[in-house]
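Below is one structure, written out as structure tokens; comments come after it.
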Amino acid sequence: MIVKAQFRNQKKFIKIPEACFDTFIAEVKEKFSIQEDLAVTVTDDTGTEVDKDVFPDLMTTSGLVFVIHELNDIGPSTPQSSVSLDTDTLSLTSKSSEDSEWLSPKRFRMDGDEDSQSLQARDFIKEILQTRPGGANVLKEFEDTGTISDDMRKQMVNILVAHMIETEGRVPHRLTKQKYGLGIITLFPSLRDPQGRTGYEHFYDGQKNTGFLSWRLKTVQRGTKPSANKDDPKTEEKGGPLLDRQLCHHEDQLDNDQSVEAISLMNHTSDREVIMQKMRATFEYRQRLIHDPERSTTILSVFPRFLDTKGLIHQDFTLLFGSETASRLFERWPTVFKAKVIRLAETLTSTPLLKRLLSSSREKREELDSPEWDSDISSFLLLLHLLSPQASGRKKANRISISQAVDHVLVFQKACRSIQEHLEAEENRQPYILATGSSKEAISQFFIVVDKKLIPCQESSSLAAIDELFKVHFVFSITYDLPLKNMYTFLQTTVYRIDVGTTSESPRVKELRAKLLNDV
């Protein structure tokens, strides 16, 4: 495939093997000699933002030029509005019952009664669905199940966006999109994101101009150039495992010289109590090392006791976030999430792998010719099914399969095989679990593999291994494996509740949280 791209004053033809956004970005940077680590955004030649979801559709548009912007350039924006958003909840009033009057931006106010606004928005969305082809199916599915499937959600979004465009044109007002988002979660309360600022960001996020409604609109509004909008500045992500955090002062922390002496002592003792105490005392020194770009790769060489002393990952994570956060997976997964994840996964299109995982995840397991993992691991791999892998890589940014993604989470090896041979054969990749034992149902030991080195898990349970796999990203400041980013982000913000509101989340993550936390 050949497309035309423009960067600054240069225009060039770009050849890419497939309609993949990440591959396109990689080829663009190479063709225009753009630094690999430079963040860029893409618009079409009208200024409308182009993202991963709409890129394949635009590949077939004749004469289209993709314009590349550096992140600090003036890039895509949303329609200008003279109304300032001072609240998180959309407020709406109307002097007319006519849809055209109600939808007009002049009819919007930001100081109405919230209950009245929600009811107005709810009734408005319901009327659209009742009068449009296919809308009744959406309402019936919700009435029967208490929620809406992914396919039905896509159908609903298409119906609503079509109505939105017919009423206001190809560039609907920002407050209109907020009204639709509010109406959706009021009519279908199980779709509300309990941790969201408004609860409907996965349908429309005004600050980022993302969400299911925005994505659908971008597909059909290519020919309209939006004007600048200063009311919705892009939010800067300030969360996740790479964040250099302001550490709370811990008692008995050693200075640099004392830390060097403590490291020497730890390397020459086998007393676990001494090792745990000295590792705690050098925590702040270690965090400075981890966030030093020139020295971070030496962390396991400087602190080799991570490789033979169980419990150090949990101790450092607890020093970062406190004991309450550190224990949330054990407290919340079995009681809040596990059964709901299993139940929701049962609605997915069946595959042999999905069938085996569903059977293995249940308390009363079925007899399987090739049994999968135990109940806890199986339920986490079902979570991976619900948050399907994102595209990864640069030159070959293909969407990997679920079975490939599973191998990015954990690998099983028979206890009789050489672990060292396994590590030597592995390519360098993001942390994963190595489980050894006689079978997947009878694991004797779990390790976290980091830089081809083994960190022994503190406990022998699979839930503890998953807990350490997540925590090791924050302890060593390691970025998430891209195909697993949705899964890890869900664990971070929804289960552990770390950096809520400051971490960028995909609409898929927000939608799943709404389904799981709203007692569907």
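Name the residues whose placed amide hydrogens come within less than 5 Å of the amide hydrogen of Ala415, ignoring near sequence neighbours (fewer than 5 apart) on the same chain.
Under 5 Å from the amide H of Ala415: Gly437, Ser438.
Enumerate the calculated ³J(HN,Hα) couplings along region 11-22 in order (Karplus 6.51 cos²θ - 1.76 cosθ + 1.60, θ = phi - 60°), each rounded to whole Hz, writing x wherever the residue is Gly or Pro.
Per-residue couplings from phi come out as 10, 9, 8, 10, 9, 10, x, 7, 7, 10, 4, 5 Hz.
Output wanted: per-residue J couplings in Hz (rounded whole) for region 136-141, from phi through Karplus 6.51 cos²θ - 1.76 cosθ + 1.60, θ = phi - 60°, x for Gly and Pro.
Once θ is set to phi - 60°, the couplings for region 136-141 become 4, 5, 5, 5, 5, 4 Hz.
Students often check this: by mean Cβ neighbours within 10 Å, which of 211-219, 187-195, 287-295, 172-180 ranks highest, and how do the rest follow?
172-180, 211-219, 187-195, 287-295
Give the order of Trp373, Trp333 when sorted by the count of other beta carbons within 10 angstrom, beginning with the fewest.
Least to most surrounded, the residues fall as Trp333, Trp373.
Going down the table (Lys140/Lys338; Lys179/Lys515; Lys340/Lys510; Lys154/Lys510; Lys140/Lys179), which pairs top 18 Å between alpha carbons?
Flagged as over cut-off: Lys140/Lys338; Lys179/Lys515; Lys140/Lys179.
Can you pull out the GluC sites (Glu not before Pro) in region 415-459 that DSSP calls coil and that have at most 10 other Cβ atoms within 10 Å?
Passing both the DSSP loop test and the Cβ count: Glu427.
What does the highest-first list of 462-473, 115-126, 131-142 look like by mean Cβ count within 10 Å?
462-473, 115-126, 131-142
Might you report the magnitude of the Cβ-based charge dipole of region 133-218 about its Cα centre, with Lys and Arg at +1 and Asp and Glu at -1, to the nearest 20 debye?
400
Bear in mind these aren't lab numbers, they're just calculated from the coordinates by the rules spelled out. This is a predicted model, so every value here is computed, not measured. Here Cβ is always computed from backbone atoms with ideal geometry, including for glycine, and neighbour counts include all displayed protein chains.
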